[in-house]
Amino acid sequence: MEMAFKYGVSFNEMRVTIRGESGYKNIPSGIIKNGVREDSHGVVQIHAPSHPEITKEQMYNPLWSIKWMAKEFSEGRASQWTEWRKNFAQKR
């Protein structure tokens, strides 16, 4: 909640997105397409190929990744998360 407040974004949107993406678990993606696991990691499911500047250590650091997510939301990039698109994109 602190990071949502700091960046002026919706705590509820972040909460629902994280719940849907990882179930609040600090894990690799469980999505498998054509026998290949999606390359997303951590509690906020950062997609590694889309963000090569982010290390796996950062992806699996909940404090770092939640802060990064809040910043992304504040800069209008929440739509990179499937769960945000499913739950909030059409309501805007």
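The values are calculated or read from the model by the stated rules, or taken from the named source; none is laboratory data. None of these values were measured; they are calculated from a predicted model. Accessible surface areas use protein heavy atoms only, side chains included; no ligands, DNA or RNA. Shrake-Rupley method; radii C 1.70, N 1.55, O 1.52, S 1.80 Å.
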Check: Out of [x] 42, 31, 22; [y] 38, 29, 21; [z] 31, 30, 23, which label holds the value of Cα extents along the principal axes in Å that was computed here?
Finding: [y]
Next item on the list: Provide the solvent-accessible area of Glu83, counting protein heavy atoms only and rolling a 1.4 Å probe, rounded to the nearest 10 Å².
Entry: 30
